[in-house]
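The values are calculated or read from the model by the stated rules, or taken from the named source; none is laboratory data. Predicted model only: the values in this text are computed from it and were never measured. Using ideal geometry, Cβ is built from the backbone for each residue, glycine included, and neighbour counts are taken over all protein chains shown.
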Amino acid sequence: MDSFTAITIAVFLPFVLAGILPAVEKVLKDKIGWYASAVALLSLLLIAQAAPEVIHGETIQKSIQWLPSLGINFSFYIDGLSVMFGFIVSGIGVIIMSYSNGYMSKKEDLPRYYQQLLFFMGSMLGMVFSANMIQLFIFWELTSITSFMLIGYWRNRPMSVYGATKSLLITAAGGLFMLAGFLVLNAITGTFDIPTIMNNESIRELLHGHELFLITLILIFIGAASKSAQGPFYIWLPNAMEAPTPVSAFLHSATMVKAGIYLIARIHPIFSGTDAWFIMVSGVGIFTMLLAGFLAFRQTDIKGILAYSTISQLAYLMTMYGYTTHHEPGIGVAAATFHLLNHATFKACLFLVAGIVAHETATRDITKMGGLRKEMPITFIIASIGALSMAGIPPLNGFLSKEMFYEASVEMGHLLGGPYSILIPALAVLGGVFTFAYSIKLIDGIFLGKRPSKGLPDHIHDPSMVMLAPAIFLVFLIILFGVVPSIPVHNFIEPTVSGILLEEAHLHVKLWHGITPPFIMTIVTFAVGILTYTKYGKIAEWQNRFNARFPWISVNYYYDATVENAKDVTSKFSNRMQPGPIKTYITALLLLVIILFTVPAVLLAPTLIPSDLNFDIPAYEVIIYLFMIIAALGAAVLRKYLPAVIALSGLGYLVGLLFIYLQAPDLALTQVLVETLATIIFLLAIARIPQKFREHIPSKTLARDILISVAVSSVIFIMLINATQGIIPPFESVSHYFIEKSLPLAGGHNIVNVILVDFRGYDTLGEIAVISLAGFGVYNLVNSRGEDE
Amino acid sequence: MTTLITKTITKICLPLVILFSISLLLAGHNNPGGGFIGGVMFASIIALTYVAYGLDHIRSFFDPDWTNWFGLGLFLAAATAFVSMAFSYNFFRSAFGFVHIPLFGEVELASAAVFDVGVYLVVIGGLLSIFTNVGDDK
């Protein structure tokens, strides 16, 4: 199997197998989690098949035509970056889905849970391998939607609903900004294909000199920042912690939130090397890194601490990818890529521990915990290694990438010169200090110290191997990557970095570098970090006091106010626009018809009523017309529902008859059938309501209604009279094309049908989707009415 | 409406109309007909049966979930749109060919016909699920 096929299957397999998951569940019952893990493992193996070529420095791209006329193709680009993300997504996927077997109670709605996890995994894989921007956007929004459903997994908890809505509003809206950015980028470069722009020097120069460059960058960056919870958009991530813990570990620490980072890495070759890139990406990164690291202190929920820590760690990555100058486009790329991989391992591990602790103690409040090391020795060791890696303690992998971060910061500061040579490394160290402090808090708060006398269950113990083994595997990776860095560096980091920098990359990562500036910065971090930890409680108290005193200094305050206000405005709007009685809508619709038809008719037609009208109508047609007029009058005048409805359907049948005389059998057939069905449904509905018009119509309303009807029918009459004269000059008849091409292109003699199912098949697909939605709509309408009673 | 005459006529018409609706569906590519008309015809006769014999009575021995029908129909229609992509053609590209079958002679096979079957199922499912919902007394 070639790599392209392997990747295509790896992306679509989760969707297909998730589709049949409810059927499989009937057989496997509560073992269904293992089926989901097996699917993830299959995807992982398929990606692994494509890996060797990429490690040797090749890139593969292949496209399938989708909408070629718009430049939108279905296209996969397989390079170091996408394969590394593919491994992270499917690998963590296997781990999380296996772990879920122990975590999720058998009483939960398991098929929905695993189905959505698999949908998410497929979307995420599709996104990282996308070469076409529109395709990337579609998968991108799919991850937002699946994330929304997973955060809101417990539908009855108000906070889950709040968190899910918040995440969807922010990330999906950010995605729309990104789409706008892609469209501008397409307008400048003329292509939606990312590798084409990446590998073409002249297109990049054109873009860098273009006046819309900054707008494009800002739009795409908003998309990335909202997804990765950077800058003011960070507020959705802490609320997303309402999701089941494995979901938080998978989506909101290891994969989905890294989509923004992925996007930044993906467009790095296109936009880097400019001041705007450095100021925006690194600027927002440094700001978020410090703010989120600092705000982690006042969190008492262990998942809350991890959420803020994730925001801060993602900001590290942003900062590093942002380090750029005109001559050195990617100073922090290697460090960022390595840290990205490491963060996925240690943060997922910590989330799994958080899940274990919450599962065993039935609380997530860190203030109620302590001294659990004796009761949960294995969990204690796992948590310590994960947290120490995050804090940057050697010989764990977090230490290596943090050293690289410091090194890149020193270099960036040095290249900028002046005060920056001190400022940037100092800010980096400050970020490290916060990380160190809250990492230690996690270990100390949960496992060390004294066990509180009340609030915890009496018997707490390590969980089963189902939940421990995934975490132990991650710990193994943490140590392996730390002690033998050449394994990840050679297999993942070098191909990725060379893909981003567009040149061969050779990295030498070692545990011991000698006494270098980064090493000194690490020592300073530990020293200040320990000092800060001694004041941890005081800082948290100060933050709480500050928050209570100045509630308006917070993004959440403005988010809540905006959403509340929007609810208010929209409900007013819909009350005004949808008052209820169908008459209002019909009136509005008819008035619109008058305007829409009158204006073009007056503008285009030379005379409103053509002079040479042909009134040579056969007698039998005249008779039909007379009957039609009688039926129409009957429908309008009859005072009882049943005769009125029958008059109306009589009119419909007469129209059908007319179609036969006018030689339109398809139309006649459709008309008669639809009329029959509509009449039956109509009769069923009116059988339940009083059989007389009880409403008294004032003469004023009557006059107005008659006026509108007369106006509409005159307008339609004039339009039809004109239409029968043939096509008005600026337009051409469209029917010639279909008459000529129907047989050779689609092999059908019935042009109407060929247009419906072939030439305009996409429209028909939309129409039948509407029919299905109408079916659901009626179902909801009829059944919700029942609930109110 | 549930007179003996209605019931008898419905009983006779039911198989004929269903066959006719299928023939409309299949003939649609070259003669008057097609998925939409065929679907409406199928839905009408089932609706007539419901009316003549009563919804509850029919349901006691024949109660398909019509929502599944339009689900399947939508899937079929969308699938034909995507299948062309698997053969490296663009989205919604249609194909047709002629095969010779004994007794029938030359028969045209078109991918658009599968799409039309999708339309047929959606129309039947959509209309009848609306019908049963509105007509349900509960």
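Descriptive notes on the structure:
- Selection count where residues are surrounded by 17 or more Cβ atoms within 10 Å (Cβ to Cβ), farther than 16 Å from A:Gly126 by Cα and within 14 Å of chain B (Cβ to nearest Cβ), scope segment A:43-78: 1
- Test: residue in segment B:83-94 that is at the interface with chain A (Cβ under 10 Å from one of its Cβ atoms), surrounded by 14 or more Cβ atoms within 10 Å (Cβ to Cβ) and at pLDDT 80 or above: no
- Among the residues of segment A:105-115, the ones that are surrounded by 21 or more Cβ atoms within 10 Å (Cβ to Cβ) and either more than 13 Å from A:Ile20 (Cβ to Cβ) or among the basic types (Lys, Arg) (or both) come to 2 in all.
- Residue ID - modelled with the lowest pLDDT, chosen from residues in segment A:456-485 that are surrounded by 14 or more Cβ atoms within 10 Å (Cβ to Cβ) and under 27 Å from A:Arg298 (Cα atoms): A:Leu456
- Check on B:Ala43, surrounded by 23 or more Cβ atoms within 10 Å (Cβ to Cβ), of a type in the set (Gly, Ala, Ser), in a helix (DSSP H, G or I) and modelled with pLDDT under 85: no
- Within segment A:374-395, tally of residues that are outside any helix (DSSP H, G or I) and either without any contact (Cβ under 8 Å) to a residue 40 or more places away in the chain or surrounded by fewer than 24 Cβ atoms within 10 Å (Cβ to Cβ) (or both): 6
- Verdict on A:Gly231 being at pLDDT below 95 and out of contact with any helix residue (DSSP H, G or I) (no Cβ under 7 Å at 6 or more places or on another chain): no
- Residue within segment A:728-740 that is surrounded by 13 or more Cβ atoms within 10 Å (Cβ to Cβ) and either modelled with pLDDT of 85 or more or under 47 Å from the mean Cα position of the chain (by Cα) (or both) present: yes
- Residues in segment A:582-605 that are assigned to a loop (DSSP other than H, G, I, E, B) and loosely packed, with under 11 Cβ neighbours inside 10 Å: there are none.
- Meets criteria (over 37 Å from the mean Cα position of the chain (by Cα), surrounded by 14 or more Cβ atoms within 10 Å (Cβ to Cβ), part of a helix (DSSP H, G or I) and not small (Gly, Ala, Ser)) for A:Thr496: no
- Test result for A:Leu507, without any contact (Cβ under 8 Å) to a residue 40 or more places away in the chain and closer than 20 Å to A:Phe399 by Cα: no
- Number of positions in segment A:64-95 that are more than 14 Å from A:Tyr35 (Cβ to Cβ) and either assigned to a loop (DSSP other than H, G, I, E, B) or of a type in the set (A, V, I, L, M, F, W, C) (or both): 19
- One residue alone among A:Leu507, A:Leu511, A:Leu531, A:Leu502 is in the same structural domain as A:Leu237 (by TED's automatic domain parsing) and on the phi > 0 side of the Ramachandran plot, and that residue is A:Leu502.
- Filter pass, B:Thr67 being within 14 Å of another protein chain (Cβ to nearest Cβ), hydroxyl-bearing (Ser, Thr, Tyr), in contact (Cβ under 8 Å) with a residue 60 or more places away in the chain and in a helix (DSSP H, G or I): yes
- Any hit, segment A:43-62, residues being small (Gly, Ala, Ser), over 30 Å from A:Ser464 (Cβ atoms), part of a loop (DSSP other than H, G, I, E, B) and outside the structural domain of A:Asn199 (by TED's automatic domain parsing): yes
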